[in-house]
Amino acid sequence: MALKFCQGPDCHKHKTKDRIKGTQGNKTYQTRRRSSFYYGNDNFCSTWCQNDWFNKYGDLAVDHFGRVTTAKHLTQDNAWVKDYNWRSNDVGHDYYYVNGITKEQRPLTKEQYNDSNYTLNTGE
Ligand SMILES: [Zn+2]
């Protein structure tokens, strides 16, 4: 499995023993390298490094992808949420959509439930 580096800009400055690498007399603290990371969508070795990244780049990222400048509204057009009932006496789940505003329920197939592109919502 390919190893990748923690994306924390100061990962190498957090002095832990596991970050010390190199030959005797030539050791340095180095950015952590792993096959996978637990934090920040598999990009950071710790919340410390994740926070370092956000403190350094967060404003740039928010501006790049679009800063929220007005309130968003949850209405009946975008309040549909997938849910299911567990039927203990039967073969499986009852899947359905429920509207968080009107409380209306509509049945879903298992395929529709699992399809992340399938939605009844027409707004953000
Ligand atoms: Zn790190």
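The values are calculated or read from the model by the stated rules, or taken from the named source; none is laboratory data. What you see is a predicted model, and the numbers here were worked out from it, not measured in a lab. All Cβ positions, even for glycine, are placed from backbone atoms using ideal geometry, and neighbour counts span all protein chains on display.
So the values come out like this:
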read-out: In region 40-86, residue nearest to Arg106 (Cα to Cα) [restricted to those that are of a type in the set (Val, Ile, Thr) and touching a strand residue (DSSP E or B) at 6+ places or on another chain (Cβ under 8 Å)]; value: Val81
read-out: Qualifying residue in region 31-52 (condition: under 15 Å from Pro9 (Cα atoms) and either touching a residue at least 60 places away in the same chain (Cβ under 8 Å) or of a type in the set (Gly, Ala, Ser) (or both)); value: yes
read-out: Evaluation of Thr122 against (1) under 30 Å from Leu3 (Cα atoms); (2) touching an Asp or Glu at 6+ places or on another chain (Cβ under 8 Å); (3) loosely packed, with under 13 Cβ neighbours inside 10 Å (one fails), failing number; value: (1)
read-out: Conditions (1) at pLDDT 95 or above; (2) more than 16 Å from the ligand (Cβ to nearest atom); number of the one not met by Asn89; value: (1)
read-out: Some residue of region 12-22 being in a loop (DSSP other than H, G, I, E, B), surrounded by 15 or more Cβ atoms within 10 Å (Cβ to Cβ) and within 14 Å of the ligand (Cβ to nearest atom); value: yes
read-out: Residue list for region 1-11, restricted to those being without any contact (Cβ under 8 Å) to a residue 40 or more places away in the chain and surrounded by 11 or more Cβ atoms within 10 Å (Cβ to Cβ); value: Lys4, Phe5
read-out: Meets criteria (surrounded by 10 or more Cβ atoms within 10 Å (Cβ to Cβ) and at pLDDT 95 or above) for Phe65; value: no
read-out: Considering residues of region 23-52 that are of a type in the set (Val, Ile, Thr) and either surrounded by 11 or more Cβ atoms within 10 Å (Cβ to Cβ) or outside any loop (DSSP other than H, G, I, E, B) (or both) only, the residue nearest to the ligand (Cβ to nearest atom); value: Thr31
read-out: Residue tally, condition within 30 Å of Gly58 (Cα to Cα) and either modelled with pLDDT of 95 or more or among the basic types (Lys, Arg) (or both), over region 92-116; value: 0
read-out: Any chance Thr23 is farther than 30 Å from Thr109 by Cα, touching a residue at least 12 places away in the same chain (Cβ under 8 Å) and among the hydroxyl-bearing types (Ser, Thr, Tyr); value: no
